[in-house]
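Single-structure report; data block below.
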Amino acid sequence: MTSTSPATSSLRTAGATATAPPTRHRRSLAQRRSSVLTLGMLALLIYFLLPLFWLFVASTKTTSDLFSSFGLWFAGDFSLLSNIHDTFTQNDGVFGRWMLNTVFYSVVSAGGAAFLAALGGYGFAKYRFLGNNVLFALVLGSIMVPTTALAIPTYLLFSEVGLVNTPWAIILPSLVSPFGLYLMRIYAQDAVPDSLIEAGRIDGAGEMRIFFALALRSLAPGIVTVLLFTLVATWNNYFLPLIMLNDPDLYPVTVGLASWAAQAVGGSGSNAELLALVVTGSMLSIVPLIAAFLLLQRYWQSGLSAGGVKG
């Protein structure tokens, strides 16, 4: 057995007492930091959800209730179902046509833009050719150009080839996504190992087969990211369809609801009732986007898990 002298015991006690306050101080700092971060996240959550809550509440009101009742709470008359019915039956059901047009424009544009961005990003990331860096610098420079600045030249170009007032006038410009190409180049650089490409070449596979059979699966999370970015951008696009389309049957939901809002604000009597339909239509128009995010988020999660396993 060993014995501990009183002097040694007192030194240990003094050392424990000296280290305890710093430990408690660090814990209190960590708790305060955690509380600040929690409050910040709650503030951001309220900031992002409050407009959606207001939109839902406003969709349950009549036009008169929109101006007479408190904006962030329901009125006495819950008119959501009647507003939805009136929205889909107004002008012989043109709102449903606008929604189908928007879905068609957005899905085709997002799918094509994601595929082209995947091809281009993979090529920039995994191949070395003359002018590689210069061309990629041009892509980065084109990101800085506002899309509204290109709308008039695009209209003049499409007018020369007779594509104005057709669905192609919306789809073709949306297929070009410089930001998506940039994202896919950055993602493909690490997501597709060079050893995987070399193994495919040794087995005798061609470059296109390597891309579709081997690389494309690894690029899935990046493709979904570009797909959603382009989907949201095309869905919310207003200025390009406004100048390209003259036929109301070809309008997307953004331009269609804007035309209703112009009639409601500029008109009187029955036209003023269109305000409730504009708000309800706006609420209905975001439902497909929310569904798309919920359905496609699992690809992001699988991509993050794959990245963690590789690391």
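The values are calculated or read from the model by the stated rules, or taken from the named source; none is laboratory data. Keep in mind that what you see is a predicted model, and the values were worked out from it rather than measured. Heads up, the Cβs are rebuilt from the backbone with ideal geometry, glycines too, and the neighbour counts pull from every protein chain shown. The accessibility values were calculated without ligands, DNA or RNA, using every heavy atom of the protein model including side chains. Shrake-Rupley method; radii C 1.70, N 1.55, O 1.52, S 1.80 Å.
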(message) Tell me the label only: which of (1) 0.94; (2) 1.17; (3) 1.02 is Rg/Rh (Cα atoms, Kirkwood Rh) as calculated from this structure?
(response) (2)
(request) Select from ILE290, VAL278, GLY120 the residue farthest towards the positive end of the dipole of region 89-310; place +1 on Cβ of Lys and Arg, -1 on Cβ of Asp and Glu, and compute about the Cα centre. (result) GLY120
(message) What distance in nm separates the two pseudo spin-label positions at LEU80 and PHE56, each 7 Å out from Cα along the beta-carbon direction?
(response) 0.7 nm
(message) What FRET efficiency comes out for MET208 versus LEU44 if R0 is 41 angstrom and r is the Cβ-Cβ distance? Round to the nearest 0.05.
(response) 0.40
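Accessible area of the chain with a 1.4 Å probe: how many percent of it is carbon plus sulfur? List each step's numbers first, then the result.
On the way: 12760 of 18630 Å².
Result for the chain: 68 percent of the exposed heavy-atom area is carbon or sulfur.
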(request) Considering the options LEU140, GLY200, MET244, tell which one lies farthest towards the positive end of the dipole of the chain, charges being +1 on Lys and Arg and -1 on Asp and Glu at the Cβ, about the Cα centre. (result) GLY200
(request) Send over a whole-number figure in Å² for the accessible area per residue of the chain, probe 1.4 Å. (result) 60 Å²
(request) In nm, give the distance between the simple-model label positions of ARG33 and LEU66, each being 7 Å from the Cα along the Cα-to-Cβ direction. (result) 4.8 nm
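Kyte-Doolittle mean at least 1.0 and Cα extent at least 30 Å along the axis: which DSSP H helices of the chain qualify?
On the way: long enough: 6-59 (78 Å, 0.51); 94-126 (47 Å, 0.97); 274-310 (55 Å, 1.28).
Both cut-offs are met by 274-310.
For ILE186 and ILE290, calculate 0.36 nm times their separation in residues minus their Cα-Cα distance, and state this gained length in nm to one decimal.
Numbers: separation 104, 0.36 × 104 = 37.44 nm, distance 2.67 nm.
So the chain would gain 34.8 nm between ILE186 and ILE290.
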